[in-house]
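Take a look at the structure below.
The values are calculated or read from the model by the stated rules, or taken from the named source; none is laboratory data. Keep in mind the model is a prediction, meaning the values are calculated, not measured. Because the Cβ atoms are built from the backbone with ideal geometry, glycine has one as well, and the counts that use them run over all protein chains shown.
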Amino acid sequence: MKGLRVVTAVAAVAAIAVFVRLGLWQVSRLSEKRAANASLRAALAAPPLVFDGAPPDLPAIRARRVLAQGVFDTTSVLLLSDRWRGDSAGIELVTPLRLAGGGVVLVDRGWLRSSDAIDARIDGVPSGGPQRVLALAEPLARAAKGGAWTLLRRSRGAAIFSARALDADSVAARVPGALATYSLRALPSPGEASSPLREVPAPLNESMHLGYAIQWFAMATIVAAGSLVAWIRARRRKTT
């Protein structure tokens with residue numbers, strides 16, 4: 001009987017430790033998302049940094065909008081596949097922007113509807129002439145899953161590629177020039193065409209982590225309280 005009580009106590013302590021650890025992890029995730037949302041709000045509120053020469057380093061523009069000026073290079077166009085808006089399948093159109101100073105930065109120009117979530121008509125998307133792109137910077141991942149480019153077709157001198165994600169190595173192999181270590185996600189701006197669809201990034205969901213943290217801490221409390229009640233009852237039975 002004593003051995004059973006020891007095993008039960010060890011199991012209870014282990015369960016409490018696991019529940020508390022999971023609760024703390026959710027608190028940590030909540031803090032991370034709050035910080036990310038605060039950074040997004042600051043970036044959207046601050047005046048944009050204008051550049052048309054060499055792309056600035058990512059730390060200099062991570063927490064603010066940028067206004068990049070250059071010319072779109074439509075010889076290699078990338079369609080990021082499997083991008084959905086509710087029940088609507090689509091892609092995101094990515095085009096290199098060649099800056100006056102010789103640098104190159106990839107621009108995610110927005111969402112286009114696609115019947116198969118892979119290919120889409122881009123002939124009607126304006127790309128010629130000098131461009132001013134209001135955007136937020138996003139780091140380019142390395143060895144991203146699905147980052148390899150697949151040639152879909154050629155149209156009017158442009159090679160149209162497809163990939164699941166932006167990958168720094170695949171991009172460097174396809175886009176010549178001094179490439180920035182980040183891409184730009186274009187934001188809505190006055191006078192821009194309605195297609196591709198550009199959206200302000202939605203804030204990350206913070207409430208889910210708070211709810212999960214409360215659940216895990218509540219479970220730890222229940223196990224601790226239940227174990228304490230069971231121990232008190234066992235002591236009383238022993239003394240009577």
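Quick check on my filter: what residues within the range 69-92 are among the acidic types (D, E) and loosely packed, with under 15 Cβ neighbours inside 10 Å?
To start, the set of residues in the range 69-92 that are among the acidic types (D, E) comprises 73, 82, 87, 92.
Once the filter is applied, which keeps residues that are among the acidic types (D, E) and loosely packed, with under 15 Cβ neighbours inside 10 Å, the range 69-92 yields only D87.
It is to be established whether one or more residues within the range 104-119 are modelled with pLDDT under 90 and either among the basic types (K, R) or over 21 Å from the mean Cα position of the chain (by Cα) (or both).
First, the residues of the range 104-119 that are modelled with pLDDT under 90: none.
No.
Which pairs have Cβ atoms under 7 Å, sit 6 or more apart or on different chains, and link a residue in the range 101-116 that is among the basic types (K, R) to one that is outside any strand (DSSP E or B)?
Taking only residues 6 or more apart or on different chains, the pairs are R109/P196; R113/A120.
Of all residues in the range 11-68, which are closer than 22 Å to P188 by Cβ, surrounded by 14 or more Cβ atoms within 10 Å (Cβ to Cβ) and charged (D, E, K, R)?
The answer is D52, R62, R64, R65.
Yes/no matrix, rows are residues, columns are (1) among the basic types (K, R); (2) modelled with pLDDT of 85 or more; (3) within 19 Å of the chain's Cα centre (by Cα):
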position	(1), (2), (3)
A143	no, no, yes
G147	no, no, yes
A173	no, no, no
L184	no, yes, yes
G191	no, no, no
